[in-house]
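Undergrad: Quick one: this structure, given as structure tokens, is what I'll be asking you about.
The values are calculated or read from the model by the stated rules, or taken from the named source; none is laboratory data. The structure displayed is predicted, hence computed values, not measured ones. Virtual Cβ from ideal backbone geometry, glycine too; neighbours counted across all protein chains shown. Please note that ligands, DNA and RNA were not included when accessible areas were found on the heavy atoms of the full protein model with its side chains. Shrake-Rupley method; radii C 1.70, N 1.55, O 1.52, S 1.80 Å.
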Amino acid sequence: LILVGGFGTRLRPLTISYPKPIVEFANKPIVAHQIEALVKVGVKEVILAINYQPQAMMEYIQKFEQEYGIKITCSHELEPLGTAGPIALAKELLLADPEQKYFFVFNSDVVCEFPLDKMVEFHQKHGKEGTIFLTSVDEPSKYGVVLTEEDGKIKDFVEKPQEFVGSKINAGLYLFNTSVIDRIKPVQTSLEREIFPQMAKDNQLYSLVLDGFWMDVGQPTDFLTGTVLYLQYVREKEASKLANAPNIIGNVLIDPTASIHPDAYIGPDVTIGPGVVIEEGVRLKQSCILREAVIRQHTWISNSIIGWQSKIGRWVRIEGITVCAEDVQVKDELYLSLIHI
């Protein structure tokens, strides 16, 4: 079950055109990274808990089914149900196979290395109702910290601690026994604030620390940071997927249908989507250029996201986590910083 019901307000203006799960992260819809990981551990069906822009999601479902050879079913929330309510709403779908003992639940904003095989092995070993992935962060005061025993059993949750109590936070990826469904009603309910503390009190919740990178890419700053981490992961695991040319600097991912002038300098930490046109003298770094955008001559872009079919004029400078939505037209010789348009 992937929780894709949010309104995507933190990633606006990109989510005005598309639901957040199908915004391309590293040239692939965010949710496609998760579906791909689930398929690798043998998952045969994915349930999408949908609320916002359901028709836009539906258009992609058939494509995902064909590409990944998996059945995708929608559970449509008529009103927001939080992070736990969608589990109860999808009860019949989750229990359709009486032999099915476990199910995954993912927050749709999360990207990481998805070591799901380790999660399944650990869950079966401890034999309790739930396993959640944790990740370590440098500033735990921004999050809810999870306190655990040495064997991974969760003792307590501390919401945004002002004094240091630990650095491990909930990574938004879970594996549950189907019995967990009985704990939840189909009303607005929070896994993190209501269900998990009770499971921990009942000694039924364990944790496993994620290896490698992790990022919640639900807002522009983290989307760009997540891109840096993901491209470094690709460099370490599948370097052949990254661009390699005299005008490429560092980790750069380019769709083969993009057109890039040899006198444009790209990188580090740039993704360029399908049909993008990059003209002479352009300089790109730490940025994401989405499908069919056009960057005209001698424009400089850093730490920004350029949306689908946008056209950026000549001698433009864009920086400072600027985000251009779909079909934005930027005239020649403008300077944009800290702007969402």
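Undergrad: Using only the alpha-carbon atoms of the range 1-87 as identical scatterers, what base-10 log of I(q)/I(0) does the Debye formula give at q = 0.11, 0.12, 0.14 Å⁻¹?
TA: -0.28, -0.33, -0.46
Undergrad: Let me ask something additional. At a 1.4 Å probe radius, which order do 214, 315, 308, 300 fall into by accessible area, largest first?
TA: From most exposed to least exposed: 315, 300, 214, 308.
Undergrad: Quick one: accessible area per residue over the range 207-279, 1.4 Å probe, rounded to a whole number of Å²?
TA: 44 Å²
Undergrad: Apply the Debye scattering formula to the chain, with a single equal point scatterer on each alpha-carbon and no solvent, then give log10 I(q)/I(0) at q = 0.10 Å⁻¹.
TA: With one equal scatterer per Cα and no solvent, log10 I(q)/I(0) is -0.63.
Undergrad: Then there is this: So, taking all protein chains as they sit and a 1.4 Å probe, how much accessible area belongs to residue 211, in Å² rounded to tens?
TA: Accessible surface of residue 211 is approximately 80 Å².
Undergrad: Taking the Cβ-Cβ separation of residue 147 and residue 93 as r and a Förster radius of 45 Å, what is the calculated FRET efficiency to the nearest 0.05?
TA: 0.85
Undergrad: Hey, another quick one. Assign unit charges at the C-beta atoms only (+1 for Lys and Arg, -1 for Asp and Glu), then state the dipole size of the range 153-302 relative to its Cα centre in Debye, rounded to the nearest 20.
TA: Dipole of the range 153-302, to the nearest 20 debye: 260 debye.
Undergrad: Rg (Å, one decimal) plus Dmax (Å, integer) for the alpha carbons of the range 1-47?
TA: 11.8, 36
Undergrad: Where only protein heavy atoms count, and the probe is 1.4 Å, what is the accessible area per residue for the range 49-131 in Å²?
TA: The answer is 52 Å² per residue.
Undergrad: Then there's this: So, how do all the Cα-to-Cα distances of the range 180-238 break down into 5 Å bins, in percent, from 0 on up?
TA: 4, 13, 16, 12, 13, 14, 13, 11, 3
Undergrad: Okay, moving on. Return the carbon/sulfur percentage of the accessible area of the chain, one whole number, probe 1.4 Å, all protein chains in place.
TA: 48 percent
Undergrad: Right, next: If contacts are Cα pairs under 8 angstrom and at least 6 residues apart, what is the relative contact order of the range 40-102 in percent?
TA: 37 percent
Undergrad: Note the angle between two axes, namely the Cα long axis of helix 116-126 and the longest principal axis of the Cα atoms of the chain, as a number of degrees from 0 to 90, rounded to the nearest 10.
TA: 20 degrees
Undergrad: In what order, largest first, do 143, 68, 233 sit by accessible area if the probe radius is 1.4 Å?
TA: 143, 233, 68
Undergrad: Here is a further query. So for each of 83-90, 275-282 I average, over its residues, the number of other beta carbons within 10 Å; can you give me the resulting order with the highest mean first?
TA: The densest-packed peptide leads the list: 83-90, 275-282.
Undergrad: Oh, and also: Which whole-number percent gives the relative contact order of the range 133-281, counting Cα pairs below 8 Å spaced six or more residues apart?
TA: RCO, the range 133-281: 17 percent.
Undergrad: Using a Förster distance of 22 Å, how high is the FRET efficiency between residue 234 and residue 40, based on the Cβ-Cβ distance and rounded to 0.05?
TA: Step by step, r from the Cβ atoms, then E = 0.85.
Undergrad: Please report, in debye to the nearest 20, how large the charge dipole of the chain is about its Cα centre when each Lys and Arg carries +1 at its beta carbon and each Asp and Glu carries -1 there.
TA: Result for the chain is approximately 220 debye, rounded to the nearest 20.
Undergrad: Then there's this: Of the cross-linked pairs 101/168; 20/153; 142/237; 241/285; 118/237, which ones have a Cα-Cα span greater than 23 Å in the structure shown?
TA: 101/168; 20/153; 142/237
Undergrad: Just reorder 17, 287 by solvent-accessible area, largest first, 1.4 Å probe, all chains present.
TA: Of 17, 287, the descending order of accessible area is 17, 287.
Undergrad: Under the rule a/c < 1.5 gives rounded, and otherwise a/b versus b/c splits prolate from oblate, where does the range 273-313 land using the Cα gyration tensor?
TA: oblate
Undergrad: Any chance you could run the full-extension gain for residue 257 through residue 332? It's 0.36 nm times the residue separation minus the Cα-Cα distance, nm to one decimal.
TA: Length gained between residue 257 and residue 332: 24.5 nm.
Undergrad: For all pairs of alpha-carbon atoms in the range 253-341, what percent lies in each bin of width 5 Å, listed from the first bin to the last filled one?
TA: 4, 17, 29, 33, 14, 3, 0
Undergrad: Could you work out the helix-only [θ] at 222 nm for the chain, with each DSSP H run of four or more residues adding -39,500 (n - 2.57) and the total divided by the number of residues, to the nearest 500 deg cm²/dmol?
TA: When only DSSP H runs of four or more count, the value is -6000 deg cm²/dmol.
Undergrad: Right, here's the next one. Going by alpha carbons, how many degrees (0 to 90, nearest 10) lie between the helix axis of 30-40 and the longest principal axis of the chain?
TA: 50 degrees
Undergrad: Put a dot 7 Å past each Cα toward the Cβ at residue 159 and residue 202; how far apart are the dots in nm?
TA: For the pair residue 202/residue 159, the computed spacing is 2.1 nm.
Undergrad: Answer with one residue from 270, 179, 98: the one whose Cα lies farthest towards the positive end of the charge dipole of the chain, charges on Cβ with Lys, Arg +1 and Asp, Glu -1.
TA: Looking along the dipole axis, the top candidate is 270.
Undergrad: Which angle between 0 and 90 degrees, to the nearest 10, do you get for helix 54-68 versus the longest principal axis of the chain when only C-alpha atoms count?
TA: It works out to around 90 degrees.
Undergrad: Would you mind getting me the FRET efficiency between residue 136 and residue 339? Use the beta-carbon distance for r and R0 = 22 Å, nearest 0.05.
TA: Working from the Cβ atoms, E equals 0.10.
Undergrad: In addition: Treat the range 143-229 as a sphere of radius equal to its Kirkwood radius over Cα pairs and apply Stokes-Einstein at 37 °C in a medium of 0.692 mPa s; give the translational diffusion coefficient in µm²/s, rounded to a whole number.
TA: My calculation gives 223 µm²/s for D.
Undergrad: Taking the dipole about the Cα centre of the range 1-133, with the C-beta of Lys and Arg at +1 and of Asp and Glu at -1, give me whichever of 11, 87, 42 is farthest to the positive side.
TA: Positive-most Cα among the choices belongs to 11.
Undergrad: Can I ask one more? When all alpha-carbon pairs of the range 184-281 are counted, what percent fall beyond 21 Å?
TA: Every Cα pair in the range 184-281 considered, those over 21 Å come to 54 percent.
Undergrad: Among the trypsin sites (Lys or Arg not before Pro) within the range 1-49, which fall in a DSSP loop and have no more than 11 other Cβ atoms within 10 Å of their own Cβ?
TA: 44
Undergrad: Now for a separate question. Where both residues lie in the chain, what percent of DSSP beta bridges are antiparallel, nearest 5?
TA: 35 percent
Undergrad: Name the aspartates and glutamates eligible as straight-distance cross-link partners of residue 128: C-alpha to C-alpha under 12 Å, and not fewer than 8 places from it in the same chain.
TA: Within the straight-line cut-off, residue 128 pairs with 202.
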